[in-house]
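A short write-up of the structure that comes next.
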Amino acid sequence: MEVAPVFEEFDPESDCDCPGCIHWRRAMTHALPVREGGHPAAHGARRALVIAAAAGTVLGGGQALPAAAAPGTPGIQGAPLDEDPVPGSPQGDTSALHGAPGTPGAPGPATSAARSTTRAAILARAKKWVAAKVPYSMDTYWSDGYRQDCSGFVSMAWNLGGNEWTGSLSAFAVRITKSQLQPGDILLFHNPANPEKGSHVTIFGGWANAAHTQYVAYEQARPSARKRTTPYAYWSNGSRYLAYRYKGVKGGAPGGSGPSTGTRYPGAGSFGPGADNKYVTQLGKALVGRGGARFYTSGPGPRWSDADRRATQAFQRAQGWTGADADGLPGPATWSYLMTGKGRDIPRAGAGAGGTQGKAPAYPGRGVFRPGQSSPSVEKLGRQLVKKGFGKHYAQGPGPRWSESDRRNVEAFQRAQGWRGAAADGYPGPETWRRLFA
């Protein structure tokens, strides 16, 4: 029986959550320079950020944000550099699409229209900007014509006909509740009293924990587009964010009452040997869209085939699922992930993915990776770092004795994950180990 994992997306875990380590990591984060991941409290901004962080502990619906969600806190590593992406700068207004990247464009009349799209397409478009690390700017435009600020990012992901701003995006959407949020919806804070102060918008990518106090946010913020685990509803001004659903999205009623017939799981009997129905075709098309085209020599079609089974299994394994959860037969979790654009795509042939090349070796414990320690696990770590392209600090080896070269290579790998401060100290914890061997 397939069981959905508690966490739909994975972000770095803290290596130790005891009070002493939490206090130490907070202190270290604030002590580091900003360029190395420290808290941006220098240059007279510390008091303002403390006040902003305190304000951000109040969530929508009167829910209090745990102290662990404060910037620099383990568990949600890498808080935004600032609550306001570009403090003191005017917001971009509604404008037409523009051409070359970086080309300024004067605001013009709104030309947007509610074009039809899907949740998977919204996230795929958002991921392109994240992968390209599109720089944040309120007055320049990327090669696709969209303005490089938070509202331009949503306009792009929703495939609107022009650039909107936080004061106009709601016209293309309907209000929904927190419980109705699905990937591709947005969380919007528009400050009508002072639009240049705090207004921001993020794309909801799925819940990051079972308690629904953290979610995966896609957003355009300094220094560039990013995907990050974020406290609900945001790091600051959390009580002022509102949830919206794009009017043109397929797969979910406009009012957010729940999944449409097209996304509702049709039951286990719809799949497997002998099955011949429209849901098999729907499954196959979704798998092709998530990287499974190589499994099909023809189709997909309504008759269940081994190609459907192998493509489904590849998708399940890409999520890190094993055993009965990766048997090639879609259960409710697999179906939900495919129909709503959640989870990881099927990797290209030979690229590997969680679960596709055997289970990662067990994490040996923190004590192994310390000066003077010698262990086969240290050499195993080093060889995997080299394999992943993070071995430039080795003059020789790697070997079984922990060295500064090991630490520097681990730090490079951690920083490549987007981690900073105490989360990128060069000492591998369970999450570093898991990602390295995934």
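The values are calculated or read from the model by the stated rules, or taken from the named source; none is laboratory data. Note that the structure is a prediction, hence the values are computed from the model and not measured. Positions of Cβ are generated from backbone atoms using ideal geometry, with glycine treated the same way; all protein chains shown enter the neighbour counts. We work out accessible area using only protein heavy atoms, side chains counted, and drop any ligands, DNA or RNA first. Shrake-Rupley method; radii C 1.70, N 1.55, O 1.52, S 1.80 Å.
Could you tell me whether Val378 is of a type outside the set (S, T, N, Q), modelled with pLDDT of 90 or more and not in a loop (DSSP other than H, G, I, E, B)? Yes: the conditions hold for Val378. Give me the residue from segment 424-438 that is among the small types (Gly, Ala, Ser) and modelled with pLDDT of 85 or more and, out of that set, nearest to Ala131 (Cα to Cα). Within segment 424-438, the match that is nearest to Ala131 (Cα to Cα) is Ala424. Scanning segment 300-321 for residues that are in a helix (DSSP H, G or I) and either under 13 Å from Gly274 (Cα atoms) or open to solvent by less than 50 Å² (accessible area, probe 1.4 Å) (or both) yields a count of 11. From the list Ala423, Ala438, the lone residue that is outside any helix (DSSP H, G or I) and either within 15 Å of Tyr363 (Cβ to Cβ) or open to solvent by less than 20 Å² (accessible area, probe 1.4 Å) (or both) is Ala438. Screening the candidates Val174, Val216 for the property of being over 16 Å from Lys342 (Cα atoms), β-branched (Val, Ile, Thr) and in a strand (DSSP E or B) yields one hit, Val174.
Go through the residues of segment 421-436 one by one and say whether even a single one is small (Gly, Ala, Ser) and under 27 Å from Ala326 (Cβ atoms). Checked segment 421-436: at least one residue is small (Gly, Ala, Ser) and under 27 Å from Ala326 (Cβ atoms).
Exactly one residue among Gly205, Gly184 is modelled with pLDDT of 90 or more and over 19 Å from Tyr146 (Cα atoms), and that residue is Gly205.
On the stretch given as segment 148-157, residues that are within 16 Å of His190 (Cβ to Cβ) and in contact with a helix residue (DSSP H, G or I) (Cβ under 8 Å, 6 or more places away or on another chain) total 4.
Summed over segment 177-192, the residues that are open to solvent by less than 10 Å² (accessible area, probe 1.4 Å), β-branched (Val, Ile, Thr) and outside any strand (DSSP E or B) give a count of 0. Return yes or no: is Arg401 open to solvent by 50 Å² or more (accessible area, probe 1.4 Å), of a type outside the set (S, T, N, Q) and modelled with pLDDT of 90 or more? The answer is yes for Arg401.
Restricting attention to segment 135-145, does a residue exist that is under 19 Å from Trp235 (Cβ atoms) and in contact with a Gly (Cβ under 8 Å, 6 or more places away or on another chain)?
No, segment 135-145 contains no residue that is under 19 Å from Trp235 (Cβ atoms) and in contact with a Gly (Cβ under 8 Å, 6 or more places away or on another chain).
Contact annotation: residue pairs with Cβ atoms under 7 Å, 6 or more positions apart or on different chains, pairing a residue in segment 139-160 that is within 19 Å of Ser116 (Cβ to Cβ) with a partner that is surrounded by fewer than 21 Cβ atoms within 10 Å (Cβ to Cβ) and among the acidic types (Asp, Glu), are Met156/Asp144. Of the residues making up segment 261-272, those that are open to solvent by 30 Å² or more (accessible area, probe 1.4 Å) and either over 14 Å from Pro330 (Cβ atoms) or of a type in the set (Ser, Thr, Tyr) (or both) are Thr261, Gly262, Tyr265. Taking only segment 187-202 into account, find how many residues are at pLDDT below 95 and hydroxyl-bearing (Ser, Thr, Tyr). Residues meeting the conditions: 1.
Each residue in segment 207-238 was checked for being under 16 Å from Pro183 (Cα atoms), without any contact (Cβ under 8 Å) to a residue 60 or more places away in the chain and open to solvent by 30 Å² or more (accessible area, probe 1.4 Å), and 1 pass. Among residues of segment 404-419 that are without any contact (Cβ under 8 Å) to a residue 24 or more places away in the chain and in a helix (DSSP H, G or I), those with a beta-carbon under 8 Å from a residue that is among the hydrophobic types (A, V, I, L, M, F, W, C) and open to solvent by 40 Å² or more (accessible area, probe 1.4 Å) at least six positions away or on a different chain give the pairs Ser405/Ala395; Ala412/Phe390. Pairs meeting the criteria (first residue in segment 321-345 and in contact (Cβ under 8 Å) with a residue 24 or more places away in the chain, second residue in a loop (DSSP other than H, G, I, E, B) and acidic (Asp, Glu), beta carbons under 6 Å, at least 6 apart or on different chains) are Asp325/Glu2; Gly331/Glu2; Ala333/Glu2; Lys342/Glu8. Restricting attention to segment 404-420, and to residues there that are open to solvent by less than 50 Å² (accessible area, probe 1.4 Å) and of a type in the set (D, E, K, R), which single residue is nearest to Lys380 (Cα to Cα)? Filtering segment 404-420 for residues that are open to solvent by less than 50 Å² (accessible area, probe 1.4 Å) and of a type in the set (D, E, K, R), the one nearest to Lys380 (Cα to Cα) comes out as Asp406.
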